Amino acid sequence: MPYYHRLGDIPAKRHTVFRKSGGGIHYEHLIGNLGFTGLQSLIYTVRRPTSVVSSRCRETLDWQSEDDPGLRMRHLRTHRLELPPVDPVTGRAPLLFNNDVAMSLSRPGDSEAPLYRNAQGDEIVYVSRGEGVLESQFGELDVRSGDYVVIPRGIIHRWRLAAGQDPILFIVESHGYVRTPSRYRNEHGQLLEHSPFCERDIRPPSRLVTVTETGETPLLVKKDNALHEVVLDHHPFDTVGWDGFYYPWALSIHDFEPITGRLHQPPPVHQTFQGDGWVLCSFVPRLYDYHPDAIPAPYNHSNVMSDEVLYYCNDEFMSRKDIEYGSLTLHPDGLPHGPQPGKTEASIGQKETSELAVMVDTFAPLRVARAALPCEDPSYQQSWLGDD
Ligand SMILES: [Fe+2]
């Protein structure tokens, strides 16, 4: 989990007078999850965080699943979806979802992003391509390709992506709060020596920019599967200081240190995050197994009680063929899966792989969004037919 961090000016004691230089006192604001028992931060702002001018429901977000879900292995070539280059928040294409987790894709182009607060879920935004800054009430966080940007719910933020890079964002939105795998943490919350990453790899916001603009400022709030336009009477990035454990943070997939072995290591060694009803794993470039007769490709397996999703961040994956950058595969519970013909034999004797992929395993069945169907590869389900 994130660690204690602070930026800017805060009073020596919480809940005490913190005067402004021009008169008056700063507004203290607690932001945290799980009531008062989870992670939390105290932020101090120039203006009252509750000053709402108006609020209206702008649109409902009723994700539709396909009419006939069937039961088959699925392959979506997500980067072939024609998406309007709207912005990183409202232009998201639904891909897969259940009641625990939802996955979507955004290709915002150079469009300007709105101020946004997700009030119904935590987000992990994987920056597949592009770079820029995540602005928030907690300051500015530099982001770049390969970053998992974790944005806990309730935090007002705005994406400021660099122009001309055709950014691609793969978004995982979770009903339960996002955390690092519990088995990699000690009882105090610190990441252990055998964790594939540690606090040194976690990047909190690094610059606090206090915006003191006043005037009506629109804010999009996602709540109950609808986007609400809330108008504030000032800019919400008026924080002068904060401290605590609750803030947006980034972890690069390139800082995930793979665990390898003499024989094939199962997917849990790649685990990076966990939520309620799902886990996320990172498949990164690594040396292969070093037993002289090792088969680096995975064995066939039945993923009982889970649906398995892979988002491919380049066009190589050791056990699959005809994969492209942006491919997304879904192997549902009910069908075993494994290497495609030829891939097991081809892996023998190989020393390393340069694959890069994000895996999301869910414990409840996933639905394929109707909006994602135009990019489906219908031949995928039969691509295991034939001999090696
Ligand atoms: Fe699998």
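Which of the following residues is among the aliphatic types (A, V, I, L, M), closer than 26 Å to P296 by Cβ and either within 16 Å of the ligand (Cβ to nearest atom) or not assigned by TED's automatic domain parsing to the domain that holds Q350 (or both): V211, V269? Spell out how you get there, then give the answer.
On the way: V211 fails: closer than 26 Å to P296 by Cβ.
Exactly one residue qualifies, and that residue is V269.
Give the range 369-379 a look and list any residue that's surrounded by fewer than 21 Cβ atoms within 10 Å (Cβ to Cβ) and not basic (K, R), or say none. Reasoning before the result, please.
Let us first name the residues in the range 369-379 that are surrounded by fewer than 21 Cβ atoms within 10 Å (Cβ to Cβ), namely 369-371, 373-379.
Passing the criteria: A369, A371, L373, P374, C375, E376, D377, P378, S379.
Just to be sure, is S347 crowded, with 21+ Cβ neighbours inside 10 Å and either of a type outside the set (F, W, Y) or not assigned by TED's automatic domain parsing to the domain that holds I168 (or both)? Quick ask: steps written out before the conclusion?
Working: crowded, with 21+ Cβ neighbours inside 10 Å: no; either of a type outside the set (F, W, Y) or not assigned by TED's automatic domain parsing to the domain that holds I168 (or both): yes.
Answer is no for this residue.
Could you please give the count of residues in the range 104-127 that are farther than 26 Å from L232 by Cα, out of contact with any helix residue (DSSP H, G or I) (no Cβ under 8 Å at 6 or more places or on another chain) and of a type in the set (S, T, Y)?
2
Quick one: which residue in H235, H228, H188, H194 is over 20 Å from the mean Cα position of the chain (by Cα) and buried (at least 18 other Cβ atoms within 10 Å of the Cβ)? First the steps, then the outcome.
Values: H228 fails: buried (at least 18 other Cβ atoms within 10 Å of the Cβ); H188 fails: buried (at least 18 other Cβ atoms within 10 Å of the Cβ); H194 fails: buried (at least 18 other Cβ atoms within 10 Å of the Cβ).
It is H235.
Quick test for you: out of A371, A364, pick the one residue that is more than 17 Å from H75 (Cβ to Cβ), in contact (Cβ under 8 Å) with a residue 24 or more places away in the chain, within 22 Å of the chain's Cα centre (by Cα) and not in a strand (DSSP E or B).
On the way: A371 fails: more than 17 Å from H75 (Cβ to Cβ).
Step by step, each of A371, A364 is checked, and only A364 is more than 17 Å from H75 (Cβ to Cβ), in contact (Cβ under 8 Å) with a residue 24 or more places away in the chain, within 22 Å of the chain's Cα centre (by Cα) and not in a strand (DSSP E or B).
Could you figure out which of (1) of a type outside the set (A, V, I, L, M, F, W, C); (2) within 26 Å of E82 (Cα to Cα); (3) in contact (Cβ under 8 Å) with a residue 60 or more places away in the chain isn't true of N314?
Every listed condition holds for N314 apart from (3).
Does L280 meet the test of being within 12 Å of the ligand (Cβ to nearest atom), surrounded by 21 or more Cβ atoms within 10 Å (Cβ to Cβ) and of a type outside the set (V, I, T)? Step through it out loud before you land on a result.
Numbers: within 12 Å of the ligand (Cβ to nearest atom): no; surrounded by 21 or more Cβ atoms within 10 Å (Cβ to Cβ): yes; of a type outside the set (V, I, T): yes.
Answer is no for this residue.
How many residues does the range 243-273 hold that are in contact with a Lys or Arg (Cβ under 6 Å, 6 or more places away or on another chain) and surrounded by fewer than 21 Cβ atoms within 10 Å (Cβ to Cβ)?
3
The values are calculated or read from the model by the stated rules, or taken from the named source; none is laboratory data. Fair warning: this is a prediction, and the values are worked out from it, not measured in the lab. Please note: Cβ atoms are built from the backbone with ideal geometry, for glycine as well, and neighbour counts cover all protein chains shown.
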